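The values are calculated or read from the model by the stated rules, or taken from the named source; none is laboratory data. Only a predicted model underlies this, so the values are computations on that prediction, with no experimental measurement involved. Because the Cβ atoms are built from the backbone with ideal geometry, glycine has one as well, and the counts that use them run over all protein chains shown.
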Amino acid sequence: MKIAIVGAGQACQTLLPVLCSIDSISVTGVSDINENAPGILLAKELGISIFTHMKDLMATGPDLIIELTGNRKVAEILAEMKSENQQVLTSGSALLMCKVISGNQLTSSRMVTSATDAIEQLVQNLDSMLKTFRNSFSTIEKILIQSKMISMNASIEAARAGSSGNAFAVVVSRIEDLSNQINQALTPLSKGADSCSEMVEKVRILDLELKKSLTLDKG
């Protein structure tokens with residue numbers, strides 16, 4: 001469907017991107033006597049033909065003419081100029097459609113903003129959990145080091161005691177085995193924490209990029 005727009009104010013600025021995003025629609029042109037109107041400037045950016053006279057716009061052969069001026073005289077002129085195969089959407093219906101689009105865009109923007117806020121909160125919570133885990137992990141490592149030092153000293157004392165220290169040496173050996181097992185169990189946990197930290201950082205970067213794109217869209 002070929003569509004032409006008469007009146008390039010804020011409503012046109014809202015409607016143009018939506019129309020251009022639909023494959024089955026081709027915007028043949030935008031008309032306004034004000035060459036600096038928001039819709040005219042946007043049409044230039046989008047590569048859409050612009051006109052100051054409605055007659056020239058009608059020559060593009062649109063199937064539908066959307067009248068956004070709100071001027072009854074303009075609507076009457078369009079009604080006289082159109083052919084039997086052409087339709088005119090008057091400003092009342094067109095402006096209502098633009099308000100609905102604006103409302104939907106605002107709702108979508110708020111939903112995305114809410115989602116990014118939730119992601120940011122999630123990242124903060126995960127960071128806090130990882131910090132707590134790493135602090136606990138560090139404490140356990142310190143205890144293991146102390147345990148190994150104690151076991152080493154105890155082994156030396158058991159060796160000095162000779163046969164009378166054999167039973168004590170068995171206990172010391174068992175403590176060393178347990179310390180090694182704990183250390184082995186902590187290794188994958190440490191790697192898991194590192195991987196989790198990397199994933200959290202990736203989520204943080206994506207969140208920042210999304211917020212940046214939202215800021216650019218609003219600008």
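A few notes on this one:
- Thr52 surrounded by 17 or more Cβ atoms within 10 Å (Cβ to Cβ), among the polar types (S, T, N, Q) and touching an Asp or Glu at 6+ places or on another chain (Cβ under 8 Å): no
- Some residue of segment 103-118 being among the charged types (D, E, K, R), in a helix (DSSP H, G or I), at pLDDT 75 or above and over 22 Å from Leu16 (Cβ atoms): no
- Hey, Thr52 hydroxyl-bearing (Ser, Thr, Tyr) and farther than 17 Å from Leu89 by Cα or not: yes
- Only one entry of Leu78, Leu19 meets the criterion of being closer than 14 Å to Lys2 by Cα and part of a helix (DSSP H, G or I), and that entry is Leu19.
- Residues that are touching a strand residue (DSSP E or B) at 6+ places or on another chain (Cβ under 6 Å) and part of a loop (DSSP other than H, G, I, E, B) within segment 28-60 comprise Ile48, Ser49, Thr60, listed in sequence order.
- When Glu84 is tested against (1) modelled with pLDDT of 90 or more; (2) surrounded by fewer than 20 Cβ atoms within 10 Å (Cβ to Cβ); (3) acidic (Asp, Glu), just one condition goes unmet, and that condition is (1).
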